[in-house]
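Q: After the structure tokens below, expect a handful of questions from me.
None of the figures in this text is laboratory data; all of them are computed from the coordinates on show. Being a predicted model, the structure only gives us computed values, none of them experimental. Positions of Cβ are backbone-derived with ideal geometry, glycine not excepted, and every protein chain shown enters the neighbour counts.
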Amino acid sequence: MARTSPSVLLVEDDELIQQIMCELLQQLSITEIHGAGDGVEALKQLKDSSVHPDVIICDVYMPHMDGVEFIGHLEKIQYKGGVVLVSGLDPSIMQISCDLANAKGLRVLAALVKPITRADLEEVFARFRAQR
């Protein structure tokens, strides 16, 4: 049976932000949400389990493996889903991260500045559905 909503891997080191974003995603009727505290944990989930997200929402600044390094790994595993980059950092850093992801052939759906709103996520998933 085909899924009616996309599956999401949320890569965010701040537990409160991860919880808030999960709640926002659930409000959008997204029910398959997997969480990872950093890029290392996210890669482990992608490689070792049945986690095959349609969209990865990834914080750019995290300990152990930041979003930029994680982007490089997504290219290596030939991830074909959508990518949303999230950060509270300077917009120029976000632009560099997006440019890098695009150069690596990833499908960047958005670059969002924290705090993320429900409207931000509605726009992202409308774009995702339109590109499917």
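Okay, residues lined up against (1) in contact (Cβ under 8 Å) with a residue 60 or more places away in the chain; (2) under 15 Å from the mean Cα position of the chain (by Cα); (3) surrounded by fewer than 17 Cβ atoms within 10 Å (Cβ to Cβ); (4) more than 14 Å from residue 81 (Cα to Cα):
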residue: 4; (1), (2), (3), (4): no, no, yes, yes
residue: 19; (1), (2), (3), (4): no, yes, yes, yes
residue: 29; (1), (2), (3), (4): no, no, yes, yes
residue: 36; (1), (2), (3), (4): no, yes, no, yes
residue: 42; (1), (2), (3), (4): no, yes, no, yes
residue: 47; (1), (2), (3), (4): no, no, yes, yes
residue: 52; (1), (2), (3), (4): no, yes, yes, no
residue: 56; (1), (2), (3), (4): no, yes, no, no
residue: 60; (1), (2), (3), (4): no, yes, no, yes
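Q: Considering 66, 99, 90, which residue is of a type in the set (D, E, K, R) and in contact with an Asp or Glu (Cβ under 9 Å, 6 or more places away or on another chain)?
A: 66
Q: Only residues that are loosely packed, with under 14 Cβ neighbours inside 10 Å and polar (S, T, N, Q): list them for region 91-109, please.
A: Of everything in region 91-109, those that are loosely packed, with under 14 Cβ neighbours inside 10 Å and polar (S, T, N, Q) turn out to be 92, 95, 102.
Q: Just one of (1) acidic (Asp, Glu); (2) buried (at least 18 other Cβ atoms within 10 Å of the Cβ); (3) under 24 Å from residue 5 (Cβ atoms) trips up residue 66, so point out which.
A: Result: residue 66 passes all but (3).
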